[in-house]
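A quick write-up on the structure given underneath.
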Amino acid sequence: MTYNTGETEEELKSKYNPEGSLLRNVQLRLLDMLIYIDKVCKEQNIEYCIDAGNLLGAVRHGGFIPWDDDVDIILRRSEYKKLCKYLLEHPHPQYVLQSPETDPYYTTHWNTLRDTKSEYIRKMKLFRVRKYRGLQIDIFPIEQKTNPYLRKIIRFFNKSITISVTKRVPMLGALLFRIEKISTVPCIRFISRILFRNNKKYSYAYGLSWDRQFDEDIIFPVKDIKFEGYTFKCPNKPLEYLKVQYGNYMDLPPQDQRDHHKAKYKIY
């Protein structure tokens, strides 16, 4: 296949993630982590989907986008809580659930599965103060009855207050985040359920930045998709999902926009 940039799949793989390269080894470690998540979800009857760049990679490349370096999954909030509870109560020998409970300086409204035998190195001060900094699977909750204007209120508190304070005084930032998590977000969610109870579309849960909304039948019921030769779960209508996320999803971005995380890696 030749993409809009004139590049072929073989050229992309040769340039970004040839077999044996550090990035390819990063992707294979992430694949192992995703296989573990999939196994847990099947055993615990938890419904999840691969999301964002991984869904795009499955459709466009049959696996990882050649320059991608993380994994994202989505779940309903109820399923999200169930999965996180299981991961906390049944620790893996190599992977750990990073949350405000396991890492006091993790001031993020979604939890992350981290690999303890690798490092995902970024220059951000917020990243350096965290306890766990390995390769990650981001676990994103989704919910109904949200509103983009109320979402902006949480975003203001999180970015303008909590994050800025955490950069300067991590302990105080962590305290502000806990207040935000147990008061601001639940209050806004309660208001939203009253005012927007007829909004049946799904979006990322309050506390996450992204405003995109999806009809329920685009995501559920989930279905199977091939990714790196393995079968995982994806939205019911993956192509429609990708159109909402990316527009013309089959086009490659310009080369200067492909390393969006600006990260380096170590694998042990």
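The values are calculated or read from the model by the stated rules, or taken from the named source; none is laboratory data. Values in this document were obtained by computation on a predicted structure and should not be read as measured data. Methodologically, a virtual Cβ is constructed for each residue, glycine included, from the backbone with ideal geometry; neighbour enumeration extends over all protein chains shown. Side chains are part of the model used for accessible areas, which takes the heavy atoms of the whole protein and leaves out ligands, DNA and RNA. Shrake-Rupley method; radii C 1.70, N 1.55, O 1.52, S 1.80 Å.
Sorting Ser192, Ser78, Ser183 by accessible area (1.4 Å probe), largest first, what list results?
Working: Ser192 0, Ser78 75, Ser183 40 Å².
Most to least solvent-accessible, the answer reads Ser78, Ser183, Ser192.
For segment 144-259, max minus min Cα coordinate along each principal axis, in Å, sorted largest first?
Result for segment 144-259: principal-axis Cα extents of 45, 41, 26 Å.
Among Ile73, Ile139, Ile37, determine the one that fluctuates most according to a GNM of the chain built with springs between C-alpha atoms less than 10 Å apart.
Ile37
Considering all projection directions equally, how large on average is the shadow of the alpha-carbon convex hull of the chain, in square nanometres? Mind dumping the intermediate values first?
Values: hull surface 56.8 nm².
Over every viewing direction, the Cα hull of the chain projects on average to 14.2 nm².
How far apart, in nanometres, would the label points at His90 and Tyr268 be if each is projected 7 angstrom from Cα along the Cα-to-Cβ direction?
2.6
Please compute the modelled spin-label separation between Tyr249 and Glu9, points set 7 Å along Cα→Cβ, answer in nm with one decimal.
1.6
Reachable aspartates and glutamates from Lys131, Cα under 17 Å, same-chain residues fewer than 8 places away excluded?
Partners within reach: Glu101, Asp103, Asp115, Glu119.
Can you give the accessible area per residue of the chain, in Å², using a 1.4 Å probe?
Working: 13090 Å² over 268 residues.
Heavy-atom accessible area per residue stands at 49 Å².
In whole percent, how big is the carbon plus sulfur part of the accessible area of segment 1-141, probe 1.4 Å, protein atoms only?
Details: 2960 of 5750 Å².
Taking all protein chains in place, segment 1-141 shows 52 percent carbon and sulfur surface.
Evaluate the distance, in nm, between pseudo-label points positioned 7 Å from the Cα of Glu240 and of Ser160 along their respective Cα→Cβ axes.
3.7
Could you order Met33, Met171, Met124 so the one with the most accessible surface comes first? Probe is 1.4 Å. All intermediate terms of the calculation are to be shown ahead of the outcome.
Numbers: Met33 0, Met171 135, Met124 85 Å².
Solvent-accessible surface, decreasing: Met171, Met124, Met33.
By accessible area of protein heavy atoms, probe 1.4 Å, what ranking do Cys187, Cys41 get, highest first?
Heavy-atom accessible area, descending, gives Cys187, Cys41.
Exceeding 22 Å between C-alpha atoms, which entries from my cross-link table qualify? They are Lys81/Lys233; Lys81/Lys262; Lys123/Lys159; Lys39/Lys145. Intermediate values should be presented prior to the final figure.
On the way: Lys81/Lys233 18 Å; Lys81/Lys262 30 Å; Lys123/Lys159 18 Å; Lys39/Lys145 30 Å.
Where the Cα-Cα span goes over 22 Å, the pairs concerned are Lys81/Lys262; Lys39/Lys145.
Could you please report the charge total around Asn199, scoring K, R as +1 and D, E as -1 over all other residues with beta-carbon less than 13 angstrom from its beta-carbon? Spell out each step's value before the answer.
Values: positive: Lys145, Arg151, Arg189, Arg193, Arg197, Lys200, Lys201; negative: Glu143, Asp211, Asp215, Glu216.
With Lys, Arg at +1 and Asp, Glu at -1, the neighbours total +3.
Count the net charge of all other residues whose Cβ sits under 11 Å from the Cβ of Met250, scoring Lys and Arg as +1 and Asp and Glu as -1.
Details: positive: Arg60, Lys243; negative: Asp251.
The answer is +1.
Using a Förster distance of 22 Å, how high is the FRET efficiency between Lys152 and Asp215, based on the Cβ-Cβ distance and rounded to 0.05? Mind showing how you got there, number by number?
Values: r = 23 Å, r/R0 = 1.03.
Plugging the Cβ-Cβ distance into 1/(1 + (r/R0)^6) gives 0.45.
Whole angstrom only: what separates the Cα centroid of segment 142-156 from the Cα centroid of segment 179-208?
Centre-to-centre (Cα) distance: 6 Å.
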